[in-house]
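Asks: This structure is in structure tokens; I'll ask about it shortly.
What follows is calculated from the coordinates using simple rules that are stated; it is not laboratory data. On a predicted model such as this, the values are computed, not experimentally measured, just so you know. We place every Cβ from the backbone using ideal geometry, glycine too, and count neighbours over all the protein chains shown.
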């Protein structure tokens, strides 16, 4: 992962924030052997899910070089969406950024 995240004149600087952390076993008197974190990574229009996952994988490789016991993996978050008919599908939680021109009719009407 790069030491800095990309920025954009409209969006500003991207961010990386841990939003949840779970350890197992979850006992106050036991040293955990597993930690799962959820990360919110805000990214720029020229970045992709693949490039973001690669950033984390590179970070994990460099940490593994420093500590051979280190082990981690990264994956996008999924959720189950249900339609009004009851059909269910797993959907990747993926919200790519996008930019519309200021003179776009929808932008003009929203101001």
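Asks: Per-residue ellipticity at 222 nm for the chain, helices alone: DSSP H runs ≥ 4 residues times -39500 (n - 2.57), over residue total, nearest 500 deg cm²/dmol?
Replies: On the way: 2 runs with 24 residues, N = 111.
Rounded to the nearest 500, the figure is -6500 deg cm²/dmol.
Asks: By how many degrees, 0 to 90 and rounded to 10, does the Cα axis of helix 49-66 deviate from the longest principal axis of the chain?
Replies: 20
Asks: Restricting things to Cα coordinates, could you compute the convex hull volume per residue of the chain in Å³?
Replies: Spelled out: Cα convex hull of the chain, divided by residues, is 191 Å³.
Asks: What does the convex hull of the Cα atoms come to per residue for region 1-60, in Å³?
Replies: Output value, Cα hull per residue: 100 Å³.
Asks: Would you mind ranking 22, 93 by Cβ crowding within 10 Å, fewest neighbours first?
Replies: Taking fewest neighbouring Cβ atoms as first place, the list is 93, 22.
Asks: To continue, here is another question. Compare 82, 15, 48 in a GNM of the chain, Cα atoms joined below 10 Å, and give the one with the largest fluctuation.
Replies: Maximum among the listed residues: 82.
Asks: Name the most mobile residue of 33, 67, 20, meaning the one with the largest mean-square fluctuation, in a Gaussian network model of the chain with Cα contacts below 10 Å.
Replies: 33
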